[in-house]
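Data first, discussion second: the structure below is written as structure tokens.
The values are calculated or read from the model by the stated rules, or taken from the named source; none is laboratory data. Because the structure is a prediction, the values reported are computed rather than measured. Using ideal geometry, Cβ is built from the backbone for each residue, glycine included, and neighbour counts are taken over all protein chains shown. We work out accessible area using only protein heavy atoms, side chains counted, and drop any ligands, DNA or RNA first. Shrake-Rupley method; radii C 1.70, N 1.55, O 1.52, S 1.80 Å.
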Amino acid sequence: MKDTSKRPIGIFDSGIGGLTVVAEMMKRLPNEDIVYFGDIGRFPYGVRSPEVIKKFSRQNVRFLLMQKVKYVVVACNTASAQALNAIRRNFDIPMMGVIEPGAYGAVSTTKNRKVGVIGTAGTIASSSYTKAIQKLDGKIKVVAAATPLFVALAEEGYLDRPASHLIVQDYLLPIKKRGIDTLVLGCTHYPLLRNVIAKVMGHRVFLVDSAEWTVKAVKEDLQTRTLLNHSRIPGKYRYFVSDTPEKFIQVGNRFLGRDVAPAKRIDIEKY
Ligand code: DGL
């Protein structure tokens, strides 16, 4: 039987955003093969109920398992927040979400123990980041806010325009006033807005990118489980989506910083 460590890593997200996690994987784990599933046909997850997100996430994992993956990364913050605990119980495969690593990143970064978290409405309503941060350090004060318009800004390529600056200011100035020294970018799309967020928050506030901390955690976990692929051959990447792939390919190139073509459409309802 083929050595398990040579199998690909499966990554899923509600759509394009999880490519920010793939970009980190390419940097830190360049020899790993990746199978990515972007659920663009059922995007966005951020406004849906936990029950629906759990159902979608189970289907996504079933699809990835059919691709013989050795490990599953839930790149979507909303799915990590609302479904990961439940789906971990359903499948016999190691999984990593983005919330715990992001929380660890925040706890390791803050000095004044005041941390801000931004994400979709679903992620913030679940309080998952707040709970994960306070589990690591009960003395940390967490200020959490939903910033849903940031998703549209990132997808439309409104990365550093005057309009994006105004919207980011509107959402973030109230959080800044609370005296945080660390802000968690708790959504797949937000790393694209890093520059404008940094300008608004100022140099005294550190930005924690969940994607970065997640890939560090995945690497460690693969090592512990002896699942790390030690091959010297560069990883191969396959992309699947649940609707026509044109927009995914076009916008995805911006999220990934390189070509995502070809991407293949699959019927996720079959899983
Ligand atoms: N991928 C989602 C997340 O990280 C953002 C977009 C959505 O609402 O589905 O929460």
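Overview of values
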| quantity | calculated |
| --- | --- |
| Qualifying residues in segment 51-92 (those that are assigned to a loop (DSSP other than H, G, I, E, B) and without any contact (Cβ under 8 Å) to a residue 40 or more places away in the chain) - the one least open to solvent (accessible area, probe 1.4 Å) | Ala83 |
| Qualifying positions in segment 1-50 - free of Cβ contacts under 8 Å to residues at least 24 places away in the same chain, more than 16 Å from the ligand (Cβ to nearest atom) and of a type outside the set (A, V, I, L, M) | Lys2, Asp3 |
| Positions within segment 28-50 being of a type in the set (Phe, Trp, Tyr), outside any strand (DSSP E or B) and closer than 20 Å to Val215 by Cα, in sequence order | none |
| Residue in segment 199-215 that is open to solvent by 60 Å² or more (accessible area, probe 1.4 Å) and assigned to a strand (DSSP E or B) present | yes |
| Positions within segment 148-192 being assigned to a loop (DSSP other than H, G, I, E, B), away from the ligand (no atom under 11 Å from the Cβ) and in contact (Cβ under 8 Å) with a residue 12 or more places away in the chain, in sequence order | Gly157, Leu159, Asp160, Arg178, Gly179, Ile180, Asp181 |
| Condition met for Val107 (over 22 Å from Pro50 (Cα atoms), in a strand (DSSP E or B) and either of a type outside the set (Lys, Arg) or touching a residue at least 60 places away in the same chain (Cβ under 8 Å) (or both)) | no |
